[in-house]
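This report refers to the structure that appears directly beneath it.
The values are calculated or read from the model by the stated rules, or taken from the named source; none is laboratory data. Fair warning: this is a prediction, and the values are worked out from it, not measured in the lab. Quick reminder, even Gly has a Cβ in these numbers, built from the backbone with ideal geometry, and neighbours come from all protein chains shown. Just so you know, the surface numbers come from the protein's heavy atoms only, side chains and all, with ligands and any DNA or RNA stripped out. Shrake-Rupley method; radii C 1.70, N 1.55, O 1.52, S 1.80 Å.
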Amino acid sequence: MKRGKQVPFRIGTTTPRCDACTKVTGQEKYAADYYGDHFFWAGVKRAGTPHGKLLKVNTEDAKRLKGVVAVLTSEDVAGSNRVGIIRGDQPVLADKKICYAGDPLALVIAENKEALQAAVGFITFDHEPLPGVFDVEEALKKGAPLVHEDSPEGNLLRLVSVETGKGASAFDECDVIVEGVFQTPFQEHAYLETEAGWAYLDDSEQLVVVTTTQTPFRDRNEMAPALGIDVEKIRVIVPYLGGAFGGKDGIAIQCLLGLAALHTGGVPVKMWWGREESFLASTKRLSARMRYRLGVKRDGTFHALECRAYFDTGAYAGLGETVMTLGLEHAGSAYRIPNVSIEGSCVYTNNTVGGPFRGFGVTQVTAAMEQVIDMAAQRLSIDPLAIRRSNALEKGDKNCIGVTLTHSTGIKKCLAALSEHPLWREKEGWKMKAEQFKKRGVGIACMAHAMGYPAVVPDFANAKIEFTGEGRFRIYAGIVDMGQGNTSTYAHIAGAMLGQDTSVFELVQPDTERTLPSGSSSASRTTYVYGNALIIAVEDLKKRILDKALHLFCSAQAEELMLVPGGIRHREGKKKVSLRKVAGLFDEPERTCTAHFRSPAATEMLDRIYLGPHIIFSYAAHLSYVEIDMLTGCAEVIGYLAVTDAGNVINPQAYEQQIQGGIAQGIGFALSEDYKVANGHTDTNNLATYIIPTAMDVPDMMSVAVDNVEETGPFGMKGIGEISISGPVPAIANAVADACGIRIGRNPITAENIFQALQKQDDQEKPR
Amino acid sequence: MAREVLLPRTLDDLWEIFHAEPELHLYAGGTDLLVKLRSQPPLPSGSPSPLVCLERIDGLKGIYEEDGLVCIRACTTHSEIMKDPVIRQHFPVLTKVLSLLGSPHIRNMGTIGGNICTASPAGDTLTPLYTLGASVEARSCDSGRLMPLKSFILGPGSVALQQGEILYGIWIKKDHDFNIHHFEKIGQRKALAIAIASMAALIKLSGEGTIEKIRLAWGSVAPTVAVSHTIEDALTGKPLTENVLRDAMPLVTDALSPIDDVRASAGYRRRVATNLLLRLLQYKDA
Ligand SMILES: Cc1cc2nc3c(=O)[nH]c(=O)nc-3n(C[C@H](O)[C@H](O)[C@H](O)COP(=O)(O)OP(=O)(O)OC[C@H]3O[C@@H](n4cnc5c(N)ncnc54)[C@H](O)[C@@H]3O)c2cc1C
């Protein structure tokens, strides 16, 4: 392929991502793309019933089928048979109990897919059905069936409460109090790439697992005890993921694949979940029920906040309690509120399994908080933008859990930019132009999103870059690229520092044997933490390169040399030496530079909230134009604006991709996505019934990045991956209320929900 | 076990296959059939019946005019029909419907014959074809017969094809005099959406705004397409005004018998399908 002159990467200038071409041309090899001359297929028999005592799994008939290699049950698991990063309460293969319909009962290994499918159909099980719990508040009542009989607090996985100032008693000092109950449903990640993988025992009896995960190093540590093998005997390799959004954070397919590979007599084994299995057995965004009360002074000053939240973690703990906790930490969104009383219960049910999802709890609470603000503004006849501006956090303020903000805090800048944007200034004119049977409304919402792990969980990365013998740069990315393009940004950062363009970079995707432990691909942390480590490593490497190059430029000082695309030049002279030539002067051990970076973390108030508070936040203000069809109730998002403070922008295109992707996924959550579970069973088990937005359902999205620098960030950036998903629910709900005066309090805000609410409004307004 | 797929090139080849293999599954684009097969549990043993693909039989594709009639052969894809100038000129309601069916890739694969034979209450091509008074032609190895589409569709998933018969084509009269062609579909999203309710309308509106002739059909709100002469009669001869339409709305409500499903409740379907009548006001001054 012939291309024009390559320009070196520059911070703040758009460069197409490194993986774009190989992905659109189909050359990029994903975990599902591994095949061999001789390999087996593995698959799982799942419970299909939500709660019961498991008595026996009958595998004899399946084992007898032609083409079946092995059928494994919990008895074949040599280790603890338990995973779950915090509680370790989830079995690899169910042994004593069935806790939700997706629980795996047996693992089949077969010579081909047809035999596999047939064998799975032949497995039966004996169980004693138990009454289930499907509602968070019911689950906490005395006498409710227990999901885990040995759980110390029954179905209550964790209670988190935070009180500041005078707590709820401050409501006595408020002029106006607004309240509401808000509910958000389970959300399915619906990534393009369902869970897949390829595993085998290599010549040294090491278990090699190529799979779809956001957490390769952590997985290894979980797999080893669960399967009863030495952690050193496990190697996890993670190609680019076809989407994850939090749904591949933690063990899902990894142990099953590993277990299968231990029982094939050395033959590689492949597993690839279908869409229905992925829906059934992958984690979901925790559904939430939130009772909110906001107390405000007559002038619009927020004075008191009460939040009572219930988060449904489903059958297993996973990261559920941390999801809820991050939500509670953001319960007050981006505002100063001196008195708060926040309490959340994370609850076990037999519904599904909850887990991380872009937004991580913050999306849920923001939906509630940003709606009660509009309710308060309406009561006080204050403009919704004005009330937000006067309460917005500034650096030095305390956030809603009482932690002082010492890092960049740009929400005021976001609101200022929003107020000057044509979409805000021209909104009244737009609303007036609604056609017959249509009503139009405009809504706004603010949001904050913490970056990185909470204080007591060390948040670090280890960067590694190699200057190859050919004079190219190989970056060993220890953090998975699930599609967000973080590894591409690593090349961008290194390229900008080394004066190079894309062509000299190679990106090694995570591999526990080749790349260094750097934590999960999550928490809006991937560029911040690895980028910071990489900068140190690149500085080191750059110095080494220039020092070596000195040998090729007689009588020069290192400062007089500069890196240019493909080589090194003297600042004044014409002489240019190729990188390859310089590379020839390197000894093997000198080629690689590594560096460690640990993110700054709170040192005070560590007991303020479970696992301690965060200190670096991104901020945003969103605006949506919504049109309601009064004949059908359909809400259509006509225009959308996101103004974001995520620090300095490294690659504007990559930045905007994250903003747009989050908004689109947020619009889905707001208007149509609803993983419905009734009595432990779902009717929305595929993409025909679980409605994600298409390109036709998403409007033109405008993204504005405010000028703000996070001093501790690589080139001044901070996390951008999650924040934008928290805007659409409240911004759209507020627009719907603006258009036709109804507030539904739960999403998705479907046409039918709006229609019913309009009907009710109609009935109430009718003179009797 | 692997399934056999037969790909006849001509109708004669097809009849021979029919003769040799009475137990088989027909398909054209496969966009309905393959989804259905995928959701069926695998057979424990033995070979499943073969699939016979009609897609490559040239004689089943294309759009032809004959004696003031247009024949759309059954295996013509939605994309081909949508692009066709004759259809566009004479039956814009059909073009409109097809532009809302599935997505570009589904329209490139799916056929009108498949849509009809699936006989789903939500089948989008059915409402415009009912309003256009379409007939269908079934053929077998030695005979052919023509019948109104209305009598061909027996119920959800059921059509009046006999053993050894296929749907050959759809016949529509060209010389209707409707000057308004309207279609609207309510789905859960704007593309790749199964209708919650839909309505097709053909109106002959006089220069003075009087409804001289009207045909209406609703989709997804009854076991098959819902039509009502009572409503059509009530509107005929009346001016196209909001009051006139509102007066007819109770009749619509009575004509429908929707169900609850994962997409919407029966109550919502009924009310929304009724409301869709009001959308015709947009043509008042057209
Ligand atoms: C993602 C997706 C979106 C969709 N969206 C829509 C939508 O918006 N609206 C809508 O109405 N439908 C929709 N469908 C359904 C489907 O695409 C249409 O019904 C399409 O027209 C079916 O045509 P086909 O040729 O693919 O049918 P096939 O699957 O090939 O056949 C369907 C049935 O008809 C029979 N059949 C086909 N041709 C003949 C023939 N000539 N003679 C006798 N029997 C025959 C087959 O035996 C089979 O039983 C969608 C499907 C998918 C997968």
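Aromatic (Phe, Trp, Tyr), out of contact with any helix residue (DSSP H, G or I) (no Cβ under 6 Å at 6 or more places or on another chain), open to solvent by 10 Å² or more (accessible area, probe 1.4 Å) and at pLDDT 95 or above: which single residue out of A:610, A:655 fits that description?
On the way: A:610 fails: out of contact with any helix residue (DSSP H, G or I) (no Cβ under 6 Å at 6 or more places or on another chain).
After applying the criteria, what remains is A:655.
Could you check region A:244-263 and list, in sequence order, the residues that are open to solvent by 10 Å² or more (accessible area, probe 1.4 Å) and either in the same structural domain as residue A:724 (by TED's automatic domain parsing) or over 17 Å from residue A:83 (Cβ atoms) (or both)?
Scanning region A:244-263 gives A:245, A:263.
Just one of the numbered conditions (1) away from chain A (no Cβ under 14 Å); (2) open to solvent by 40 Å² or more (accessible area, probe 1.4 Å) is not true of residue B:242; which one?
If we test residue B:242 against (1) away from chain A (no Cβ under 14 Å); (2) open to solvent by 40 Å² or more (accessible area, probe 1.4 Å), just (1) comes out false.
Does residue A:132 meet the test of being modelled with pLDDT of 95 or more and not in a strand (DSSP E or B)?
On the way: modelled with pLDDT of 95 or more: yes; not in a strand (DSSP E or B): yes.
For residue A:132, the condition - modelled with pLDDT of 95 or more and not in a strand (DSSP E or B) - is met.
Given the structure, is residue A:388 surrounded by 24 or more Cβ atoms within 10 Å (Cβ to Cβ), under 25 Å from residue A:525 (Cβ atoms) and of a type in the set (Lys, Arg)? Let's see the steps before the verdict.
Working: surrounded by 24 or more Cβ atoms within 10 Å (Cβ to Cβ): yes; under 25 Å from residue A:525 (Cβ atoms): no; of a type in the set (Lys, Arg): yes.
Against the criterion (surrounded by 24 or more Cβ atoms within 10 Å (Cβ to Cβ), under 25 Å from residue A:525 (Cβ atoms) and of a type in the set (Lys, Arg)), residue A:388 does not qualify.
Check off (1) within 14 Å of chain B (Cβ to nearest Cβ); (2) under 30 Å from residue A:323 (Cβ atoms) for residue A:118 and give me the number that stays unchecked.
(2)
Within the bounds of region A:590-598, is there any residue that is assigned to a helix (DSSP H, G or I) and closer than 30 Å to residue A:546 by Cα?
yes
How many residues, within region B:130-170, are away from the ligand (no atom under 13 Å from the Cβ) and either among the basic types (Lys, Arg) or crowded, with 18+ Cβ neighbours inside 10 Å (or both)?
The qualifying residues number 8.
Is region B:256-269 home to any residue that is open to solvent by less than 40 Å² (accessible area, probe 1.4 Å), within 14 Å of another protein chain (Cβ to nearest Cβ) and touching a Leu at 6+ places or on another chain (Cβ under 6 Å)?
Within region B:256-269, not a single residue is open to solvent by less than 40 Å² (accessible area, probe 1.4 Å), within 14 Å of another protein chain (Cβ to nearest Cβ) and touching a Leu at 6+ places or on another chain (Cβ under 6 Å).
Which residues, counting only those in region A:721-768, are within 14 Å of another protein chain (Cβ to nearest Cβ), within 30 Å of residue A:451 (Cα to Cα) and aliphatic (A, V, I, L, M)?
A:749
Which residue, of A:744, A:692, is in contact with an Asp or Glu (Cβ under 9 Å, 6 or more places away or on another chain) and open to solvent by 40 Å² or more (accessible area, probe 1.4 Å)?
Numbers: A:744 fails: in contact with an Asp or Glu (Cβ under 9 Å, 6 or more places away or on another chain).
Result: A:692 is the single residue among A:744, A:692 that is in contact with an Asp or Glu (Cβ under 9 Å, 6 or more places away or on another chain) and open to solvent by 40 Å² or more (accessible area, probe 1.4 Å).
Can residue A:685 be described as more than 28 Å from residue B:104 (Cα to Cα) and either at pLDDT 95 or above or open to solvent by less than 20 Å² (accessible area, probe 1.4 Å) (or both)? Give the derivation first.
Working: more than 28 Å from residue B:104 (Cα to Cα): no; either at pLDDT 95 or above or open to solvent by less than 20 Å² (accessible area, probe 1.4 Å) (or both): yes.
No.
Let's see how each residue does on (1) surrounded by 24 or more Cβ atoms within 10 Å (Cβ to Cβ); (2) assigned by TED's automatic domain parsing to the domain that holds residue A:314; (3) in contact with a helix residue (DSSP H, G or I) (Cβ under 6 Å, 6 or more places away or on another chain); (4) modelled with pLDDT of 95 or more:
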| position | (1), (2), (3), (4) |
| --- | --- |
| A:663 | yes, yes, yes, yes |
| A:667 | yes, yes, yes, yes |
| A:675 | no, yes, no, yes |
| A:698 | no, yes, yes, yes |
| A:701 | no, yes, yes, yes |
| A:715 | no, yes, no, yes |
| A:720 | yes, yes, yes, yes |
| A:728 | yes, yes, yes, yes |
| A:754 | no, yes, no, yes |
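Could you say whether any residue in region B:47-62 is under 18 Å from residue B:144 (Cβ atoms), away from the ligand (no atom under 12 Å from the Cβ) and under 19 Å from the mean Cα position of the chain (by Cα)?
Yes, that holds for at least one residue.
Across region B:8-33, which residue is farthest from residue B:141 (Cα to Cα) among those that are among the aliphatic types (A, V, I, L, M) and either near the ligand (Cβ under 6 Å from one of its atoms) or surrounded by 13 or more Cβ atoms within 10 Å (Cβ to Cβ) (or both)?
Going through the qualifying residues, I end up with B:33.
Just the residues that are under 27 Å from residue A:113 (Cβ atoms) and among the aromatic types (Phe, Trp, Tyr), please, taken from region B:18-76.
Scanning region B:18-76 gives a single hit, B:27.
In region B:148-177, how many are more than 17 Å from residue B:89 (Cα to Cα), touching a helix residue (DSSP H, G or I) at 6+ places or on another chain (Cβ under 6 Å) and modelled with pLDDT under 95?
The total comes to 1.
Kindly indicate whether residue A:732 is hydrophobic (A, V, I, L, M, F, W, C) and part of a loop (DSSP other than H, G, I, E, B). Please lay out each step first, then the result.
Values: hydrophobic (A, V, I, L, M, F, W, C): yes; part of a loop (DSSP other than H, G, I, E, B): no.
No, not satisfied.
For region A:657-692, how many residues meet the condition of being closer than 21 Å to residue A:745 by Cβ, in a loop (DSSP other than H, G, I, E, B) and more than 16 Å from the ligand (Cβ to nearest atom)?
Within region A:657-692, residues that are closer than 21 Å to residue A:745 by Cβ, in a loop (DSSP other than H, G, I, E, B) and more than 16 Å from the ligand (Cβ to nearest atom) number 3.
So which residues in region A:145-175 are within 32 Å of the chain's Cα centre (by Cα) and not in a loop (DSSP other than H, G, I, E, B)? Before the answer, list the steps.
Kept after step one, since they are within 32 Å of the chain's Cα centre (by Cα), are these residues of region A:145-175: A:145-164, A:167.
Matches in region A:145-175: A:156, A:157, A:158, A:159, A:160, A:161, A:162, A:163, A:164, A:167.
Pick from A:578, A:555: which is within 17 Å of residue A:469 (Cα to Cα), surrounded by fewer than 20 Cβ atoms within 10 Å (Cβ to Cβ) and hydroxyl-bearing (Ser, Thr, Tyr)? Spell out how you get there, then give the answer.
Numbers: A:555 fails: within 17 Å of residue A:469 (Cα to Cα).
Result of the check over A:578, A:555: A:578.
Yes or no: residue B:186 away from chain A (no Cβ under 14 Å) and of a type outside the set (D, E, K, R)? Before you say what the answer is, go through the steps one by one.
Numbers: away from chain A (no Cβ under 14 Å): no; of a type outside the set (D, E, K, R): yes.
Here the answer is no, as residue B:186 does not meet what is asked.
Here is a check on your reading of the model: is residue A:8 closer than 30 Å to residue A:657 by Cβ and over 25 Å from the mean Cα position of the chain (by Cα)?
Numbers: closer than 30 Å to residue A:657 by Cβ: yes; over 25 Å from the mean Cα position of the chain (by Cα): yes.
Yes.
Within region A:269-286, is even one residue part of a helix (DSSP H, G or I), of a type in the set (Ser, Thr, Tyr) and farther than 30 Å from residue A:376 by Cα? Before you say what the answer is, go through the steps one by one.
Restricting attention to region A:269-286, the residues satisfying the condition of being part of a helix (DSSP H, G or I) are A:275-281.
Among the residues that remain, those that are also of a type in the set (Ser, Thr, Tyr) are: A:278.
Subset that is farther than 30 Å from residue A:376 by Cα: A:278.
The answer is yes, given that some residue of region A:269-286 is part of a helix (DSSP H, G or I), of a type in the set (Ser, Thr, Tyr) and farther than 30 Å from residue A:376 by Cα.
Can you tell me which residue is nearest to residue B:261 (Cα to Cα) among those in region B:77-129 that are in contact with a Gly (Cβ under 6 Å, 6 or more places away or on another chain) and more than 8 Å from the ligand (Cβ to nearest atom)?
Across region B:77-129, the extreme among qualifying residues is B:119.
Residues to consider are A:396, A:441, A:359; find the one that is over 21 Å from residue A:646 (Cβ atoms) and either free of Cβ contacts under 8 Å to residues at least 60 places away in the same chain or of a type outside the set (Ser, Thr, Tyr) (or both). Let's see the steps before the verdict.
Values: A:396 fails: over 21 Å from residue A:646 (Cβ atoms); A:359 fails: over 21 Å from residue A:646 (Cβ atoms).
Testing whether each residue is over 21 Å from residue A:646 (Cβ atoms) and either free of Cβ contacts under 8 Å to residues at least 60 places away in the same chain or of a type outside the set (Ser, Thr, Tyr) (or both) leaves just A:441.
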